[in-house]
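The values are calculated or read from the model by the stated rules, or taken from the named source; none is laboratory data. All figures in this text were calculated on a predicted structure; none of them were measured in a lab. As a convention, Cβ positions derive from the backbone with ideal geometry for all residues, glycine included, and neighbour counts pool all protein chains shown. To get the accessible areas, we keep the full protein, side chains included, count just its heavy atoms, and leave off ligands, DNA and RNA. Shrake-Rupley method; radii C 1.70, N 1.55, O 1.52, S 1.80 Å.
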Amino acid sequence: MTTTGARVPFTVGHRTVTRVAGPLIIVDGMDGVGYGELVEIETGDGPVREGQVLELDRSLAVVQVFGGTAGIGRRETSVLTRGRAARTGVGTDYFGRVLDGAGRPRDNGPQPVPDDYRHVNGLPLNPITRAHPDQFIETGVSAIDGLTTLVRGQKLPIFSGAGLPANSLAARIAAQARVPGDDGEVVVIFAAMGVTRREAEFFRTEFLTGGAAARSVLLLNLADDPTIERLLTPRVALTMAEYLAFEQHRHVLVVMTDMTAYCEALREISAAREEMPGRRGYPGYMYTDLASLYERAGRVRGGAGSLTQLMILTMPDDDITHPIPDLTGYITEGQIVLSRELDRQGIQPPIDVLPSLSRLMNAGIGVGKTRDDHRGLADQLYACYARGREVRRLMSIVGESGLPTEDRCYLAFAAAFERTYLGQGPARRTLTETLDVGWQLLAPFPAAELKRVSAEQLAHYHHEASVTATDA
Amino acid sequence: MTTTRPRTEPVEPRRPGQARQVTTDSGRVVRISGPVVSATDLPHTRLFDVVRVGIEQLLGEVIKLDGDLVVMQVFEDTTGLQVGDPVVATGEPLYAELGPGLLGGILDGTQRPLTNLSTDGNLYIARGADPPRLDRDQRWDFRPVVEVGDRVGPGDLLGSVPEGRAVEHRILVPTGITGVVTAVHPGPATVVDPVVDIDGHPVAMMRRWPLRLARPVANRLPLTVPLITGQRVLDLLFPVARGGSAIIPGGFGTGKTVLEQALAKFSNADVVVYVGCGERGNELTEVLEEFPGVTDPRTGAPLMERTVLIANTSNMPVAAREASIYSGITIAEYYRDQGYDVAMMADSTSRWGEALREVSSRLEEMPAEDGYPAYLATRLAGFYERAGAVQCLGTPERTGSVTIVGAVSPAGGDFSEPITQNSLRLAGCFWALDTALSRQRHFPAVNWLRSFSQYGLDAWFDREIGPDWSPLRRWAAAALQDEGALQEVVSLLGVEALAAEQRITLRIGQALREDLLQQSSFDDLDASCPPQRLLAMLRVVHEAGAAMRSALQQGVAITDITAASVLAELGRMRRWPPDDIDDSAIHLTRRIAEEMSSL
Ligand SMILES: Nc1ncnc2c1ncn2[C@@H]1O[C@H](COP(=O)(O)OP(=O)(O)OP(=O)(O)O)[C@@H](O)[C@H]1O
Ligand SMILES: [Mg+2]
């Protein structure tokens, strides 16, 4: 994977810094450096920092400095090139380790011994080498397994709001994810960007204590670490993951949190370069940049491994049309949306199933994969809940007494659905349990009301309750 | 056989009226900013010339000349490129290679076959690869229709080769050649072997054509025939003409891709060019895995054999994404010229616009709205205007068409943004997808109040499908409109606030929405609906409305009418067995009338 062709790499060169602006420096005398390559910045005192070439113009180079530009002066600074793009070590020796945002150990452990080195930007997977994802992953969470099913090789974001428990949901999925009938372990690579120390501690306990440590890697870029380093964090994580998934044939789950912090770093660089800002100040190429991360999920033909991505993002102001969730939604294969209202009512996990969707669900469920009634039942629960929510809205206008009996039945269903189906709490449910809970909730409805399931499935699974719905 | 190199497209000028000698220049890189690279020492280079950049000879194209500075967009990742690296100008614009072997293929934005970009088990797309766009080794059985002594001119049919089972590939006289056939070489030949000599000059099957230039036609024709999509909401309410264009704007997850793929599968085009422009790799994999196994009922051949896939996914280089649209439309025009009806799907044109924007901003051009360059509208027009129904050049007389269906991905789902607005002015159909409908799982989520079609195709439908088509179409559109207005009242005051007559309107609207317009692409039986079936279904709904009204006149209570269990049967129309539609329709109409009158 060399990118410099026949050129001889070298590691020398002292150059003049002509300008320092925010996270960028402009260096003169940079011949022999390639676009996108990594450079080292020495200031005489303090650690060596790394930077990446963003633009070349004759002898000038614009360099983004990952370690921050504090302490960089025009004089005592020298810039060294090594003739290669940013790389990271890859391999199983990283398991159980805590790394910083650029992939270096931050747990006082020994230097890991990588199997190999890879460029962090990766290369685009050729669409002809991909295999369409179609293997069901059981997460133990009903709202996901039953209604927004995750499959191996999918990229599925969690749209969260400030203060909502997205991280614990992601940690829970990472800990519980399994493929029924397949005891292949799931490797978890966790890339945390801009997280607090408290959150970092949570991830450390979650992933690096107990049995999970043997198959997890944790990359931590803390809130007070250099912001620009965040641009590397997901790339390092995905590079490690690609190696494990596509070369070592492991099933890898990459969890990236919080993409909002990542996008802010992107905006910071863009502003420092005085680029034309796009919507809300984010650069016009943010779609492409995010796609270069998210598209690294997948499965390949003839390989047993897979790379599944769960990315968490905080919607600023709970606004789903904000560029970060918006562009993410345009790239990913569905989304799981958390609801502040459910969270307030103590429903855990607070997943709002109406705007949530897994686009690859159809490929991963049904006879031979999950169960014959999975699709129909999901559609039916969705339809009943949507109707219940609509009735609830109407009720706020006309009052409960103004509702026809039939509508009241849906109202009761919506409440029960939120309480039991969604609000499962910390308990883990198998898919069979999830499906059974679904049918139980439908029991108050007469068979004629349930149009989304087939007659055979009704006969087999539907046990009409003798009590009326209003008693429930 | 002559030893002269056969002409692939020898006299088609690189630009109209500007044939010139090819000079190659070599210069040096002086500036690199992502896909935009500048070089000096290229004095003979012209706008849109192809360049090879750096040691790896990355493919690029000149997009601006500024004094000594030649500015290029590079179609591959520029990581590692250095100031001082060599740049070679080829003196030619970016060409498509046209000929047998395109169908069934999957190509990147600059028409490189993806199968040749990952060899030896490599999973990724390597850089600097420059495989021939058309396979040079495969042999095609050339069946001539001309004889020595025939006088031929541009566009005349020379012969054909069977390209798969679906399409007979017609080999035409290249633009700019007129003369007498002096030799004919029937039988197996590669695309570069001579198959016919004209005035002593060998002519091969392959043509080269500059991507950014529309191919010539004899005449443009009025648009009077619909492209049947198999989607009820489109064929009934917003039909697109063969040779017309449609846009599908919609927020994420509203169903643009599913709709584009449904059209690629079920529309009655002869050839489909599907351009995945800046979208997901998995979606193309899905097409690649699915299409070879699906039989096209019209030809009996796998769908893949009428399809050309162009894939420049979101993680592939941005500049090649920009080129992918032109590769697609050029291939589409090439089959049109053979006399075929071609449909081109572009998912998504917004990603193409964004590629323009990114390159423009690296050029530090003055942006217009939302950072897009001021020439956005011109570029969009240049693309959509390449749609059309035409009288092809040459003999025998034939007509062909290119229909364009472009998806648009507006930021935040807001249709006021520049790509939607500019495309709206150009496209004849506006198929607006609605986030609220998709949340309700009403698919296709085409908003029937907001969408429109400007093509007058009623005459065709009345003639070919049934004389009551256009009256029923108007009836359905009006009923949906009325229902929409009543729904607003209901959401404020409840259904009890409506008069009995209005509640029937509401019930008819519901039947139209749920039982007619909704159509799941994942339902094998219903994924595509022929217009005859659509008309039969529509008649039943119309009759049901009449039966409900007459029951009301007989004094039946409105709640009994709208709750009549027979109305649930309307939802089963989509399950009617295909060869039993008329009987099923008559039967159901009768049952509804009977039940309504016995209430
Ligand atoms: N016609 C349809 N029938 C059934 N389901 C559909 C249909 N259209 C869309 N859907 C559902 O909606 C999901 C999203 O559709 P699709 O991928 O086409 O959206 P999109 O508009 O292309 O989104 P994006 O802009 O993010 O690419 C599908 O995965 C499917 O579940
Ligand atoms: Mg799409």
Just for the Cα atoms in region B:490-599, what are the lengths along the principal axes, largest first, rounded to whole Å?
40, 33, 19
Using a 1.4 Å probe on protein heavy atoms, which residues of region B:427-441 have at least 30 Å² less accessible area in the complex than alone?
B:Arg439, B:Arg441
Please give the total accessible area that chains B and A bury against each other, computed with a 1.4 Å probe and expressed in Å² to the nearest 100.
5700 Å²
The relative contact order of region B:140-205, taking Cα pairs under 8 Å that sit 6 or more residues apart, comes to a percentage of 32 percent
Specify the inter-centroid distance of region B:222-269 and region B:355-424, based on alpha-carbon positions, in whole Å.
17 Å
Using the alpha carbons of region A:88-364, what is the convex hull volume per residue in cubic angstrom, as a whole number?
128 Å³
Going by amide H atoms built from the backbone, whose H comes under 5 Å of the H on B:Tyr124, apart from near neighbours?
A:Asn126
Whole-angstrom gap from region A:231-305 to region B:492-538, using each part's C-alpha centre:
43 Å
Cα centroid distance between region A:400-436 and region A:75-122, in Å?
49 Å
Rounded to whole Å and sorted largest first, what semi-axes of the equivalent ellipsoid does the C-alpha gyration tensor of the protein assembly as shown yield via the square root of 5 times each eigenvalue?
48, 43, 24
Per residue, in Å², the accessible surface of the protein assembly as shown once ligands and nucleic acids are set aside, probe 1.4 Å:
37 Å²
Rounded if a/c under 1.5, otherwise prolate or oblate - region B:219-454, Cα gyration tensor axes:
rounded
Longest exposed-loop-site-free stretch of chain B, with chymotrypsin sites (Phe, Trp or Tyr not before Pro), DSSP loop and at most 14 other Cβ within 10 Å?
B:1-374
Taking chain B as the reference, fit the longest principal axis to its C-alpha atoms, fit the long axis of helix B:318-337 to the helix C-alpha atoms, and give the angle between the two in degrees, 0 to 90, nearest 10.
80 degrees
Which value, in Å³ per residue, describes the convex hull spanned by the Cα atoms of region B:235-340?
117 Å³
Taking only C-alpha pairs under 8 Å that are 6+ residues apart, what is the relative contact order of chain B in percent?
13 percent
Between the Cα axis of helix B:256-266 and the main Cα principal axis of chain B, the angle (0 to 90°, nearest 10) is 90 degrees
Reduction of at least 30 Å² in accessible surface, 1.4 Å probe, comparing all protein chains with the chain by itself, residues of region A:111-147:
A:Leu123, A:Pro124, A:Leu125, A:Asn126, A:Pro127, A:Ile128, A:Thr129, A:Arg130, A:His132
Convert 37 °C to kelvin, take the viscosity as 0.692 mPa s, use the Kirkwood radius over C-alpha pairs of region A:266-351 as Rh, and evaluate the Stokes-Einstein diffusion coefficient in µm²/s, rounded to a whole number.
216 µm²/s
What's the angle, to the nearest 10 degrees (0 to 90), between helix B:281-290's Cα axis and the longest principal axis of chain B?
80 degrees
Please work out the Cα convex hull volume for chain B and give it in Å³ per residue.
158 Å³
In percent, what relative contact order does chain A have, based on Cα pairs under 8 Å that are 6 or more apart in sequence?
16 percent
List, in order, the whole-Hz ³J(HN,Hα) value for each residue of region B:43-48 obtained from phi through the Karplus relation with A = 6.51, B = -1.76, C = 1.60 and θ = phi - 60°; use x for Gly and Pro.
x, 8, 6, 10, 4, 6
Given DSSP loops and a limit of at most 14 other Cβ atoms within 10 Å, what is the longest stretch of chain B that contains no such GluC sites (Glu not before Pro)?
B:148-363
Between rounded, prolate and oblate, where does region B:112-238 land on the alpha carbon gyration tensor, with a ≥ b ≥ c its root eigenvalues, rounded for a/c under 1.5, else prolate if a/b exceeds b/c?
oblate
So for region A:382-472, considering every pair of alpha-carbon atoms, how many percent are separated by more than 16 Å?
56 percent
Heavy-atom accessible surface, probe 1.4 Å, ligands and DNA/RNA ignored: which residues of region B:307-345 lose at least 50 Å² versus the isolated chain?
B:Ser314, B:Asn315
Taking amide hydrogens as modeled 1.01 Å from N in the peptide plane, which residues meet the under 5 Å criterion relative to B:Leu107, leaving out close sequence neighbours?
B:Leu114, B:Leu309, B:Ile310, B:Ala311
Sequence order, region A:212-218: Karplus ³J(HN,Hα) from phi using 6.51 cos²θ - 1.76 cosθ + 1.60, θ = phi - 60°, Hz rounded, Gly and Pro as x, gives 5, 4, 5, 9, 10, 10, 10
Residue pairs, from the table A:Lys369/A:Lys451; A:Lys155/A:Lys451; A:Lys155/B:Lys64; B:Lys64/B:Lys265, whose Cα atoms sit over 29 Å apart:
A:Lys155/A:Lys451; A:Lys155/B:Lys64; B:Lys64/B:Lys265
Under a 5 Å amide H to amide H cut-off, with H placed in plane at 1.01 Å, what residues pair with B:Ala241 once short-range neighbours are removed?
B:Leu227
For chain B, which whole-number percentage of the solvent-accessible area (1.4 Å probe, protein heavy atoms only) is attributable to carbon and sulfur atoms?
50 percent
Provide the descending list of Cα extents for chain A along its principal axes, expressed in whole angstroms.
84, 48, 40
Mind listing the phi-derived Karplus ³J(HN,Hα) values for region A:311-319, rounded to whole Hz, using 6.51, -1.76 and 1.60 with θ = phi - 60°, and x for any glycine or proline?
10, 10, 9, 9, 6, x, 6, 6, 9
A 1.4 Å probe over the protein heavy atoms gives chain A a carbon and sulfur accessible-area percentage of 51 percent
Nothing charged except the Cβ atoms of Lys and Arg (+1) and of Asp and Glu (-1): what's the magnitude of the dipole of region A:16-85 about its Cα centre? Round to the nearest 20 debye.
60 debye
